[in-house]
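Following: one structure in structure tokens, then a few remarks.
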Amino acid sequence: EEVDGVTVVRNPDEPLYGNDVFVIEEELEISDRGSEEYFIFNYINYLAVDNAENIYVVDTRERHVNVFDSNGGFLGTIGRAGQGPGEFGRISSIRINAHDELVVIDSSQRKIHFFPLGGDFLRSENLGTILGKIQGMFGPRSWSLYFDSKENRYIRTAIFDLKKVHFEVLKWDNET
């Protein structure tokens, strides 16, 4: 109803669609409480799922990727803490790309690491050059890296001014 030029919406006494609009039922639990492999997650930051429905999970206190099958069974880990090939400082994102590779964004090392879904390290790409340009252009920033279906890369940056925060999306050409 309109009250003094303002639209007022009131909830009815009874739910409009009944009591059960939707029901959440557990379909999968990754813990396997009865076996040696018992997982208690601190905080799941990122996860990805491949075409075989294997689940790749990053926990804040871990510097590797845990891999589980579609039934929640533990398959192994990918990567480890460190600064060498296939090692991580701080994982800030993971995804499965169009080439069936696990892509791990390491924000502290400013690298993108690539692994086949089996887990052996393939290669790394350095983000330092593009991130240096971003930092130098506008001062302190927060950033996230995204890929589209054609593996083009986009960096979302936050620009912090004294009065406001705004965002930009930059397409990254790997050749520059």
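At an R0 of 35 angstrom, the distance between the Cβ atoms of HIS166 and PHE121 translates into a FRET efficiency of 0.40. Among 59-66, 41-48, sorting by the average number of other beta carbon atoms lying within 10 angstrom of each residue, highest first, gives 59-66, 41-48. Ranking LYS163, LYS150 from most to least accessible surface, computed with a 1.4 Å probe over the protein chains only, gives LYS163, LYS150. Excluding same-chain neighbours fewer than eight residues apart, the aspartates and glutamates reachable from LYS171 by a Cα-Cα span under 12 Å are ASP148, GLU151.
Using 0.36 nm per residue and subtracting the Cα-Cα separation, the extra length available between ASN97 and ILE44 on full extension is 17.0 nm. Amide H contacts under 5 Å for LEU75: VAL67, PHE68, ASP69, restricted to partners 5 or more places along the chain or on a different chain, H placed in the peptide plane at 1.01 Å from N. Remark: the stretch 5-12, residue by residue, has Karplus-estimated 3J(HN,Hα) of x, 10, 7, 10, 10, 10, 6, x Hz, where x stands for each Gly or Pro and the curve is 6.51 cos²θ - 1.76 cosθ + 1.60 at θ = phi - 60°.
The values are calculated or read from the model by the stated rules, or taken from the named source; none is laboratory data. Bear in mind the structure is a predicted one, so any value in this text is a computation, not a measurement. Using ideal geometry, Cβ is built from the backbone for each residue, glycine included, and neighbour counts are taken over all protein chains shown. The protein model used for the area step is the full one, side chains on, heavy atoms only, and it has no ligands, DNA or RNA in it. Shrake-Rupley method; radii C 1.70, N 1.55, O 1.52, S 1.80 Å.
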